[in-house]
1. Can you give the calculated 222 nm mean residue ellipticity of chain A, where each DSSP H run of n ≥ 4 adds -39,500 (n - 2.57) and the sum is split over every residue, rounded to the nearest 500 deg cm²/dmol?
2. Pop a pseudo-label 7 angstrom from the Cα along the beta-carbon direction at both C:A460 and B:M109 and give the gap in nm to one decimal.
3. Using unit Cβ charges (K, R positive; D, E negative) and no other charged atoms, how large, in debye to the nearest 20, is the dipole of the stretch C:234-351 about its Cα centre?
4. Using only Cα atoms, locate the centre of the stretch C:308-373 and the centre of the stretch A:1-80, then give the distance between them in Å, rounded to an integer.
5. Roughly how big is the stretch A:129-218's charge dipole about its Cα centre, with Cβ charges of +1 (Lys, Arg) and -1 (Asp, Glu), in debye to the nearest 20?
6. What residues have an amide H closer than 5 Å to that of C:A182, excluding those fewer than 5 places away on the same chain, when H is modeled at 1.01 Å from N in the peptide plane?
7. With no solvent and one point per C-alpha, what does the Debye sum give as log10 I(q)/I(0) for the stretch B:10-112 at q = 0.11, 0.19, 0.21 Å⁻¹?
8. Can you list which of the GluC sites (Glu not before Pro) found in the stretch C:236-323 are DSSP loop residues with at most 15 other C-beta atoms within 10 Å?
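Derivation of every value follows stated rules applied to the coordinates shown; laboratory data play no part. Everything numeric here is computed off the predicted structure, so don't read it as measured data. FYI the Cβ positions are ideal-geometry reconstructions off the backbone, even for glycines, and counts take in every protein chain you see.
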Amino acid sequence: MNRADDTLAVEIWKGGTDGRLAAFEVPLRANQTVLDVVTWVQRHRDPALAYRFACRVGMCGSCAMTVNGKPRWTCRTHVAKVAVERHLTIEPLRNLPVIKDLACDMTVFFEKWQAARGRFEGRTTRHDEVVQLAPDTPARVAIDAGIECINCAVCYAACDVVAWKPDYLGPAALNRAWTLQNDTRDAGQEARLAAVAGDAGCHNCHSLQGCVAHCPKALNPTAAIAGLKRAVFRAALSGDL
Amino acid sequence: MTHPHRNQPLWWAFALHRVSGLGLACFLPLHFLVLGSALNGDAALDGVLAWTESGPVKLAEMGLVFLLALHLLGGLRLLALEFLPWRDGQATLAALAGSVSLVFAFIFMFNVI
Amino acid sequence: MLYRYDTDILILGSGGAGLFAALHACQTNPDLRVTVAVKGLIGKSGCTRMVQGGYNVALLPGDSVERHFMDTIVGGKWLPNQALAWRLCTTAVERVRELENEIGCFFDRKPDGTLHGKAFAGQSFDRTVHKGDLTGIEIINRLMEQVWARPVERLEEHRALALIPTADGAALAGVLLVDMRAGAFRFVRAKAVLLATGGGPTMYRYHTPSGDKSMDGLAMALRLGLPLRDMEMVQFHPTGLLAGAETRMTGTVLEEGLRGAGGYLLDGERRRFMLDYDPQGERATRDVVSRAMYAEMRKGKTTENGGLFIQMNHLGPDKVRRAFKGMVERCADCGFDLAGGLVEVVPTAHYFMGGLVCDSDTRTALPGLFVAGEDAGGMHGANRLGGNGVANSTVFGGIAGEVMAEAAARDSLRDPDEALIEAEVARANHPFGRPAGDLNVLRERLLDVMWEDVGVMRTAEGLGRGIARLSELNAELLQTGLADQDRVFNLTWHDWLNLRSLIEVGEVIARAALARENSRGAHFREDFPEPGDLEGSSFTQARRRDGTLAVEQMPVEFTIVKPGDSLIEGDAGAPAAVMPT
Amino acid sequence: MWSSYLYVAQRLTAFVLAPLVLVHLALIVFAVQDGLSAAEILGRTRGSLGWGCFYGIFVVAAAIHAAIGMRSVAAEFLRWRGWGLEASATCFGLSLIVLGARAVAAVVL
Ligand SMILES: Cc1cc2nc3c(=O)[nH]c(=O)nc-3n(C[C@H](O)[C@H](O)[C@H](O)COP(=O)(O)OP(=O)(O)OC[C@H]3O[C@@H](n4cnc5c(N)ncnc54)[C@H](O)[C@@H]3O)c2cc1C
Ligand code: HEM
Ligand code: SF4
Ligand code: F3S
Ligand code: FES
């Protein structure tokens, strides 16, 4: 260990699913995010290193990676917060196919979003007035609690049920479904309930709460999924499923 | 491979719930067999019960009581989580379930010794 | 290897413009094949997602389309194309209703359940509808869901390289792309193509847009010889975060509301300076504040990193923490204490008003090519009102979808100019096989040239110097190769291509800025500080023909309202002093 | 959909089991002060309709509950899917019922 004091030892995943870690030494900076570390390696050491980012401020959810074993958004993770003895291991997100290095294929994540019928189905059109909606009803409060998801798939990577049961819809898609079930403007609730009651649906969740622990937006998919479970439970008992 | 993302209290709560459920499910058939042996008369049952007087078996029984209590309380936490409005502090509740179960197990231990 | 692929409608980009176009094209004619090709992931790339403030719409009681229109024209210093601005303001009403009723966006409500409109700088009415301060996420997520739900073909991480016309140049035949994941070229023929790559002035030292935007769309249009207008008009946002070199956080925007709420800007010696420049102090409009900051910085009164400070703590750290939760958290994640301490800021390039010339149906001069969003020019003139950016991309994206669906049903596929495809493939392959050089140095130099010579304040001398430095840079870039020959997801190759687009469009910005010898809105000439005669207003139009770039002055046609007149009784529109709270 | 019904059944049986297990635990911990004997157990249960019902319900609920539980564990940890999984879980549940019924019969009748 004769590493200079002002450097960071970084191991970065290289290759596809069957890749391996490669070691780099990266200069330490006062203001430096994990994304900056990856960028520095691409710019100065390994020009063909693949990774993904867009907004760089925590809005687009493209930059999530596994950092020292935990899924995180990297553009808003300061190195000082996560480095252990000036060491970082950076890998692609779990539970998604790796395209190359740190970039995953997010297709199934969005397919599941659709499979959970995570999309609005309106009752009115662009020719009607905007609906008057009180901002403080319990349903609206439940919507507000879950709506700011940036679909970064951090929760999806943190959920072991997804790893064990690869067809499980996962926390983000179900969280979205729950906000829609609370949306009084939405006309697709019956079909959505059936979708989340399917074999890949909400009842697969064992409340591990890895999703809650890791969501960078501090959302609570567990609570949303519990809401769906209740709705499915009620529908099953009343024969409406 | 290590899994740092699992290092959070509620993951351990899940693991314990699962282990206790598995443990109980494996023990249940044995338990039924033992009780069923009463069909062959009190003596048969007493024979088995006598066997349970030995030290290691006692300890295992204590474990079982612990598991049952843990699974019960952990299960109640999950039912509350799923069927009642959301409340924060799930980790605290899980820790509570664990400690109460331990207390149960110790009471059991002292009672039978 | 060149893969070929046919579709009816090809959309480049998946911001507000691209996604709305895809949706409306599907709705107008469900039998058409609609393809979205995007440099990043669908809906996750681009700036629409990053919209914080909100969406301007004349939908609230007491407001009117006429008022919104007047604010847009006055704010744009009489340079906007009035037909485009009118279409923007009228259709925004329908678009916001569509976003709420059909697409499922939730805009914030007042306690009585009606839409809440917030105040935004430079507008005479509080008309900006929003979802907290994360409006863009709400709009794009909801749109993305709708597009994913439809049979739209997705070419993700496909970068458009060139627009390819027919051999006679009469119409567009298709687009040459590179599949970034495979490193393979792909030619897509389409009956109608939408350019919606979102501009993005990321050639400035400090800039806010997302990293995938590099002016590719305008560079491609320029190469085809299409006219670009208002290219000197780059909007700077006064408060970009300055976090030092080598961090992507630098340049990202700290919200406007900080100044509106009473935040102070301080120089390196912690002295408040804005009142030296404008009686409204920090609450003056973006261009005024940006220029004042730039002037201070040029005097050397800077912080260690070469910026200035924003101070909020005199308003009470707890209050600041409550009112600007998102901003405070974002700063804290990066190690800055916005509520209690000082945070270094700089003006930062934010939005590009210039773009491809089009009509109010999004048609360009080339049949088969349509344009919408930040790539299109003329809606905003010399300045874009906060809240008119996302209105612009969603309004015209939707229109483009409808118009293209009609065109695609009528037209047939055209055969491309094969020689041009070959030339463009070679152009993209240019850096391979050349001796590897240091792209980082070139990038840093580009950022400096644009910032110093073509930036917030301009002079003929600086612009001339800038143009010369840009052409040197271009020559050097063409000599610079890549170290890694692997084409699969090779980001450094794409950095190279980004630089090429940025340098090319940077030169157009500089030349247009040189041509405008007055100061309007975002464009400020120190050697010509006056706005000039409003009635005689002209806009710049740049196009490249036979290798040379020509900038013309085109008279503004006041088709709806003339300078001095107004559509709203007893009011000129846009008093320009309201700040968001 | 099938697994949703299993979920519902497992939660319903958990609701049923909760009080039963509580009583059972109390019994084990507090009632059995000085060691178990067959006479003591059987003295309480023999011929008692109440205890018969108590343990009868206990057995049925626990069998359903545990079988469904084991099914998810097997699906997740052994990656087991399809009819084999369903059949095994059903067999497990049925054998629990049979063994349990025999046990109840033994202590009650
Ligand atoms: C931080 C920030 C805050 C803002 N806040 C506001 C606000 O409050 N209100 C407001 O009205 N406006 C705001 N704006 C402006 C607004 O975001 C934009 O005007 C508008 O969203 C642009 O939409 P667009 O669809 O044209 O482009 P974008 O949303 O930027 O999308 C461009 C798309 O094109 C893709 N692309 C780029 N190059 C290529 C290529 N070569 N090939 C294929 N695809 C390509 C990109 O990946 C992306 O998908 C803000 C902008 C920023 C940066
Ligand atoms: C004889 C008694 C019992 C046995 C043999 C048993 C067995 C099991 C088994 C094997 C599981 C599956 C474990 C898993 O999915 O992780 C399970 C799950 C569960 N048990 Fe029990 N259990 C018993 C009693 C109870 C009681 C009394 C309760 C409630 C208060 C309960 C509540 C639950 C719940 C809620 C689950 C679901 C966990 C999940 O899906 O995440 N169980 N049980
Ligand atoms: S719920 Fe949180 S972690 Fe999951 S995708 Fe949304 S923002 Fe990311
Ligand atoms: S981590 Fe997974 S198991 Fe449920 S609580 Fe979250 S979805
Ligand atoms: S780059 Fe957009 S969230 Fe990190």
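1. Working: 10 runs with 84 residues, N = 241.
Value at 222 nm, helices only, nearest 500: -9500 deg cm²/dmol.
2. Between C:A460 and B:M109, the label points sit 9.4 nm apart.
3. On the way: 16 positive and 16 negative charges, 42 e Å.
Charge dipole, the stretch C:234-351, about its Cα centre: 200 debye, nearest 20.
4. If we compute the Cα centre of each part, the gap is 25 Å.
5. Numbers: 6 positive and 10 negative charges, 33 e Å.
So the dipole magnitude of the stretch A:129-218 works out to roughly 160 debye.
6. For C:A182, the qualifying residues are C:F489.
7. These q points yield log10 I(q)/I(0) values of -0.43, -0.96, -1.08.
8. Details: sites: C:E246, C:E255, C:E256, C:E269, C:E282, C:E296, C:E304; in loops: C:E246, C:E255, C:E256, C:E269, C:E304.
Within the stretch C:236-323, the qualifying GluC sites (Glu not before Pro) (loop, at most 15 other Cβ atoms within 10 Å) are C:E269, C:E304.
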